[in-house]
Amino acid sequence: MILRLRDARSLHEAHAGPSMTPMVDVVLVILIFFMASAAFLASDKLHPVLIPPPPSAAPDPFALPALVLRVELRREAGRTIVSGGGLTPPGESAPVEVAVSRAASLALRVDAGSARISLGAADDVPYADLMRVRDALARAGFEQVALVPVPGP
């Protein structure tokens, strides 16, 4: 039997790499720390669930739906024409100036706070005319004004 000397060189050659034991110990301690701290968190913080509140009262079966008025702007003979939505009599049209002046009287006839206006303009209507009608409706108290496309002729 041959006895080997345990000198520094032979120990260095036999060495396989750094010891993994301290690193595994540290990782396990960190893992246990995170698992323990997660247990103290409230479950709704980890997975929020939106539950709608119970209705305070049953909806009124006799309530009428919100009024929706459709106003259309088109170009005819080089000027912008407004039709519909109570700004003009049914089946008729009027220039923008007339429709703008009638917006305040329309607000007196319907509840402007709950009524919805669907404001549509053809492709060739100037943007300034569309905004004049929209601003007149806003000044009259109509808060829900939606801009929608108008199909071509």
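This table checks each residue for (1) out of contact with any helix residue (DSSP H, G or I) (no Cβ under 8 Å at 6 or more places or on another chain); (2) closer than 22 Å to PRO149 by Cβ; (3) among the acidic types (Asp, Glu).
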residue: SER83; (1), (2), (3): yes, yes, no
residue: GLU97; (1), (2), (3): yes, no, yes
residue: SER105; (1), (2), (3): yes, no, no
residue: VAL110; (1), (2), (3): yes, no, no
residue: ASP124; (1), (2), (3): yes, yes, yes
residue: TYR127; (1), (2), (3): yes, yes, no
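Each row is one residue, and each column tells you yes or no for (1) within 22 Å of GLY141 (Cα to Cα); (2) surrounded by fewer than 13 Cβ atoms within 10 Å (Cβ to Cβ); (3) modelled with pLDDT of 85 or more; (4) not hydroxyl-bearing (Ser, Thr, Tyr).
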position	(1), (2), (3), (4)
MET35	no, yes, yes, yes
ARG75	no, no, yes, yes
GLY91	no, yes, no, yes
ALA99	yes, no, no, yes
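Here is a yes/no grid of residues against (1) surrounded by fewer than 19 Cβ atoms within 10 Å (Cβ to Cβ); (2) part of a loop (DSSP other than H, G, I, E, B); (3) touching a residue at least 24 places away in the same chain (Cβ under 8 Å); (4) among the acidic types (Asp, Glu):
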| position | (1), (2), (3), (4) |
| --- | --- |
| SER105 | yes, no, no, no |
| LEU108 | yes, no, no, no |
| GLY113 | yes, yes, yes, no |
| SER118 | yes, no, yes, no |
| ASP124 | yes, yes, yes, yes |
| MET131 | yes, no, no, no |
| ALA136 | no, no, yes, no |
| PHE142 | no, yes, yes, no |
| VAL145 | yes, no, yes, no |
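Among the residues of the range 97-153, which ones are among the aromatic types (Phe, Trp, Tyr) and either under 15 Å from GLU76 (Cβ atoms) or touching a Gly at 6+ places or on another chain (Cβ under 9 Å) (or both)? If the condition is that a residue be among the aromatic types (Phe, Trp, Tyr) and either under 15 Å from GLU76 (Cβ atoms) or touching a Gly at 6+ places or on another chain (Cβ under 9 Å) (or both), then PHE142 is the only one that fits.
The values are calculated or read from the model by the stated rules, or taken from the named source; none is laboratory data. If you're wondering where the values come from, they're calculated on a predicted model, not measured in any experiment. Cβ sites come from the backbone with ideal geometry, for glycine too, and all protein chains shown count toward neighbours.
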